[in-house]
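Let me begin by presenting the structure, written as structure tokens, before commenting on it.
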Amino acid sequence: RGKRAFIAGIADDNGYGWAIAKALAAAGAEILVGTWVPALNIFETSLRRGKFDESRKLPNGSLMEITKVYPLDAVFDSPEDVPEDIKTNKRYAGSSNWTVKEVAELVKNDFGTIDILVHSLANGPEVSKPLLETSRKGYLAAISASSYSFVSLLQHFLPIMNPGGATLSLTYIASERTIPGYGGGMSSAKAALESDTRVLAFEAGRKGNIRVNTISAGPLGSRAAKAIGFIEKMIDYSYANAPIKKELSADEVGNAAAFLVSPLASAVTGSVVYVDNGLHTMGLAI
Ligand code: NAD
């Protein structure tokens, strides 16, 4: 039987999540997607109207099939956590069962088990503010959406993951080197995500024979990255300074992800794997 993957954090065809879904689909996996509730409508409409058909093309000419799209908001673990203003917000009211716990239950009811869990989401409401000007609320929101969301997803999906399975998240080098402009506690959130990758690799490894890795990806002009505001500069900087002189494509991250969640990487867990044209190795930009 082919592997079944749940990928959290796809709302268009530009980001890393989409590219990872394609690489996994090309390798024969069945694709389930978790889409942020406020983005669900437009994503499903675009899918249905064929807006993504060109980018759904796989190397063998067939189109990637997404078996099911689940509304998800990974900052809420269960219905009790959802505040009234969100519950009654009209972007949320049309969907139901989108907390992490409920989505895991739905996937269990629909499919029984999964083999692969991918976390490709982040959010930092104050990302454009320097850390020194970030509020407590903004900092905690960044950690909640970008780091704890992975802990929560693994917590709730581990019981339905087949032994030998693998999980993956996406991180950024701002966790370990200062990247001015990546603010709002997002650098802190990525540092937490990387540390949690090591601890969760141990815990999920022992508990369910599940691997946990994270890809430290180079810059990509995704929707989320454009919201930060300096992504074009980062892409140019990488092009000018990385050992491999080319623009990074999302598919390169997708391919590395497919390797990491496959049996080819059966002894790789707890790792931060750089997929960035080697930019992280440079100490002096020339
Ligand atoms: P993206 O916009 O394609 O993906 C981010 C997704 O997160 C969006 O679909 C958004 O709807 C979703 N999201 C936000 N808050 C959510 C929530 N509470 N619940 C559920 N979903 C939520 O952008 P991307 O750049 O491909 O981001 C994917 C991952 O890659 C992120 O972890 C990001 O930090 C990481 N990353 C990106 C870059 C880059 O340059 N783009 C570099 C390194 C790492």
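Just so you know, all these numbers are worked out from the coordinates, no wet-lab data involved. What you are looking at is a predicted structure, and each value in this text was computed from that prediction instead of being measured. Every residue, glycine among them, receives a Cβ derived from its backbone with ideal geometry; neighbour counts consider all protein chains shown.
The Rg/Rh ratio for the range 160-205 is 1.11, where Rg is the radius of gyration of the alpha carbons and Rh is the Kirkwood radius. Per residue, the convex hull around the alpha carbon atoms of the range 78-235 comes to 128 Å³.
Sorting 42-54, 233-245, 119-131, 185-197 by average packing, meaning the other beta carbons within 10 Å per residue, from highest down gives 185-197, 119-131, 233-245, 42-54. Between P38, G165, S95, the Cα set farthest toward the positive side of the dipole of the chain (charges on each charged residue's Cβ, about the Cα centre) is that of G165. Prolate is the label for the range 205-286, because the ratio a/c of its alpha-carbon gyration tensor axes (a ≥ b ≥ c) is 1.5 or higher and a/b is greater than b/c.
Between rounded, prolate and oblate, where does the range 1-67 land on the alpha carbon gyration tensor, with a ≥ b ≥ c its root eigenvalues, rounded for a/c under 1.5, else prolate if a/b exceeds b/c? Oblate is the answer for the range 1-67, as a/c is 1.5 or above yet b/c matches or exceeds a/b.
Going down the list K3/K90; K3/K190; K90/K129, which pairs span over 31 Å between their C-alpha atoms? The answer is K3/K90. Think of the range 145-215 as having a plus end and a minus end, set by charges on the Cβ of Lys, Arg, Asp and Glu; of S147, V212, A191, V212 sits farthest toward the positive end of this dipole. Packing-based ranking of 248-256, 265-273 yields 248-256, 265-273, ordered from highest to lowest mean Cβ neighbour count within 10 Å.
Over all alpha-carbon pairs in the range 56-170, figure out the percentage whose distance exceeds 17 Å. Distances greater than 17 Å cover 65 percent of the Cα pairs. Backbone amide hydrogens, once placed in the peptide plane, bring Y274 within less than 5 Å of S216, excluding anything fewer than 5 places away on its chain.
For E80, put the label point 7 Å out on the Cα→Cβ axis and report which residues of the range 100-116 keep their amide N under 15 Å from it. In the range 100-116, the label zone of E80 (backbone N under 15 Å from the point 7 Å along Cα→Cβ) covers 100-102.
Percent of Cα pairs in the chain per distance bin of 5 Å, from zero to the largest separation: 1, 6, 12, 17, 19, 18, 14, 8, 3, 1, 0. Computed over the range 38-106, the convex hull of the alpha-carbon atoms projects to a mean area of 5.6 nm². One Cα centroid belongs to the range 145-220, the other to the range 1-60; the line between them spans 20 Å. Placing unit charges on each Cβ (+1 for Lys and Arg, -1 for Asp and Glu) gives the range 1-139 a dipole about its Cα centre, and among S62, A19, P83 the Cα reaching farthest toward its positive end belongs to S62. Overall size of the range 239-286 from C-alpha positions, given as principal axis extents largest first: 39, 21, 11 Å.
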